[in-house]
Structures are given as structure tokens and as C-alpha cells.
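Step one of this worksheet: look at the structure below.
Quick note: the coordinates plus some simple rules give every number you see, no bench work behind them. Nothing here was measured: the structure is a model prediction, and the numbers come from that model. Every residue, glycine among them, receives a Cβ derived from its backbone with ideal geometry; neighbour counts consider all protein chains shown.
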Amino acid sequence: MTDYVFTTRQGALILLQLRFNTRKNIIIRTQLSGRLQLSIPRRFTQNALDQWLSDHETLLEQYWQRQQQLLSTQPETIWFKGQCYPYVVSPVCVKVGWYGDRGFVLPLAMDKERPYRDLISWLQEEAQDYLLERLRYWSQQLNLRPVSMKLTTARTLWGVCRPQTGIRLNWRLVGAPLWVVDYVCIHELCHLIHLNHGAAFWQLVNRHTPHTQTARMWLKQHGSALFIPEKRW
Ligand SMILES: [Zn+2]
């Protein structure tokens, strides 16, 4: 990956992160790192890239604006195990704490990013127990054993199951209620039998959870709130 700065005809700067891949087309993504991500075919030359950028300047500007909006909305609440909690910064507290209904307390630090980073690591650690324990539980219940069970930091999925690599659950599901987590675990485990999303697959999922529809709705409704940025800028 390389960083790249594109200057528009008006002289505005657009910060890009280039990712080379084997696809044939170019994909633009907004992301929380403060840069637009551009996936481009590996065979693209510098000239071809510059040409493409200037041909698609308006489109890039639209994405860039959306990117800026994304960064200006920072969470003041955090979803944790299905509940939405406020978080406050305290001068006396030394490490991130969770005070039940009162929410999260973050220490006041010289380094402004620090408490927030600590909160993210705290949540990721909680996610290890909360999510993987549940996945192991359902793996036993259904008698389906993936080759491995881990968490992922991916931005585009809640879970993934591949016969060769096993199951990965998104750590951000730590914000979801247990019955939603259960649904995702069951969904991924059932992929060990059916790799597709055909009728037989859904039949199997529904045999083990009554929450398929409501869980999918919940994720649609609250999913983006669970995707709190890993860094603040
Ligand atoms: Zn699936």
C-alpha cells in the first residue's frame, strides 16, 4: 500500500491510499484512516493512474466529502454486549474502566489518543472471551468443528467461514447482544455444511436459532454504530 496525494484542478488535496490488486477495475472506498482507499489493477502505470484520477475528479471529490463527514462524527457512546453506554474522561482514573450502567470511564492522558486506543484494546480483549466462547459453545452444540476460530478486524463482514481456514468473527460484534452473536456463530458454522446461502443453508440455520430475521435486522440497524473507528484523527 502506498499513500498518494491527488491535487484537483481547483487545487484541493485529496489523500489517497493506493492498494494494488489483480482486479480489472478501480474501486474507491471511504475509510476511517483519513484517506480514500483506491484499489487499482497491478498493471496500471503511473501515467494511466494520473489520467484516471483527472478523468474522475468529480467522483473523487464526492467520495472525499463523504470521507470528511465520516471523520467528523465521533462516538460519544459505545455499544457493549447489546447496550449503548456513554463514555466520560476522568482525571483520576488511570485505566479504562466499565462501570455498568454508568458507562465507560477513560483516563485523562497527555496523549489525547491514548485513552481512546486503550478503550479499543479493552473492547478487543473482551471480544476474545465474549465471542469465541460463544462460537466454541455452538461448535459443540452443532457438532461442527472448524479448523480454527479467531477474531478479525475486517471492515466488511461480521463473520466468515472457509473450510481451509476456519471461522473468523468480527471483534466489533462485542457490541451486539448475545442472541445476535449466537446467530452469527450459527450462520458461520452452518457454512461448514453448505458453502452457499441456498434454501438448505437457511433451513439449517433456522433449525438452531429462532432469531435469524431479527438478528439480521439488528445488525442492519446498529451495525454502523458498532464500527467505531480504531483510531481518532
Ligand atoms: Zn454466510
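Across the chain, how many lysine pairs separated by 8 or more positions, or lying on different chains, have Cα atoms within less than 20 Å?
Details: Lys81/Lys150; Lys81/Lys220; Lys95/Lys112; Lys95/Lys231; Lys112/Lys231.
Within the chain, the lysine pair count is 5.
Assuming 0.36 nm per residue, please report the length gained on full extension of the stretch Leu108 to Gln10 beyond their Cα-Cα distance.
Length difference between fully extended and current span is 31.2 nm.
Could you work out how much longer the chain between Gln140 and Asp118 gets when fully extended? Use 0.36 nm per residue separation minus the Cα distance between them, nm to one decimal.
Numbers: separation 22, 0.36 × 22 = 7.92 nm, distance 3.32 nm.
Length gained between Gln140 and Asp118: 4.6 nm.
The modelled label-to-label distance for the pair Arg162/Asp55, using points 7 Å beyond Cα in the direction of Cβ, is 3.2 nm. A Förster radius of 45 Å combined with the Cβ-Cβ distance from Phe201 to Gln69 puts the calculated FRET efficiency at roughly 0.75.
Of the GluC sites (Glu not before Pro) found in segment 1-86, the ones in coil according to DSSP and having at most 12 other Cβ atoms within 10 Å of their Cβ are Glu76. Could you tell me whether segment 1-60 comes out rounded, prolate or oblate from its Cα gyration tensor? Rule is a ≥ b ≥ c as square roots of the eigenvalues, rounded for a/c under 1.5, then prolate if a/b exceeds b/c, otherwise oblate. Since a/c reaches 1.5 but b/c is at least a/b, the shape of segment 1-60 is classed as oblate. Binning all Cα-Cα separations of the chain at 5 Å, short to long from zero, yields these whole-percent fractions: 1, 6, 12, 14, 13, 13, 13, 13, 9, 5, 2, 0, 0.
Label positions at Val88 and Arg216, each projected 7 Å from the Cα along the C-beta direction, are separated by 4.1 nm.
With a 10 Å radius around each residue's Cβ, average the other Cβ atoms per peptide and rank 169-179, 201-211, 43-53, highest first. Numbers along the way, then the final one.
Values: 169-179: 21.7, 201-211: 15.5, 43-53: 12.2.
Top of the packing list down: 169-179, 201-211, 43-53.
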